[in-house]
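Pasting a structure here, questions to come.
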Amino acid sequence: MSRIPIAVLAGVVGFVAYIVGVVTLADLVVGRHWAVQAAYFVLAGVLWALPARWLMLWAARR
C-alpha cells in the first residue's frame, strides 16, 4: 500500500485538530499584551510546518 493516501488522511485530520487547538488556545491569549499575542500567533502560524514536513518526507520515502 502506498504511503501517500495515509499521509493525506493523517495530514488533513492532524491539520484540522491543530486548527481547533490553536483557535481554542487563542481565546486565552486575546486581551493580553500585544507582544504575547504576536508571539502566540507567529508560533501558531509556523509550528504546523514541522509535522507537515515530517509527514511529506515520510510519504515520499520508498
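If each DSSP helix of 4+ residues adds -39,500 (n - 2.57) and the sum is divided by the residues in the chain, what number results at 222 nm, nearest 500 deg cm²/dmol?
Per the formula, -29000 deg cm²/dmol.
Which helices of the chain meet both criteria: a Cα extent of 18 Å or more along the helical axis and a mean Kyte-Doolittle score no lower than 1.0, with helices taken as whole DSSP H segments?
3-29, 34-47
Between Q37 and F15, how high is the FRET efficiency from 1/(1 + (r/R0)^6) when r is the Cβ-Cβ distance and R₀ = 30 Å? Nearest 0.05.
So the FRET efficiency works out to roughly 0.85.
Follow-up question, since we're still on this one. Taking only the alpha-carbon atoms of the chain, what semi-axes of the equivalent ellipsoid follow from 5 times the gyration tensor eigenvalues under a square root, in whole Å, largest first?
Computed over the chain, the values are 31, 12, 4 Å.
So which trypsin sites (Lys or Arg not before Pro) in segment 1-57 pass both tests, a DSSP loop state and at most 12 other Cβ atoms within 10 Å of the Cβ?
R32
Each reported figure results from applying straightforward, stated rules to the coordinates on display, with no laboratory input. Everything numeric here is computed off the predicted structure, so don't read it as measured data. All Cβ positions, even for glycine, are placed from backbone atoms using ideal geometry, and neighbour counts span all protein chains on display.
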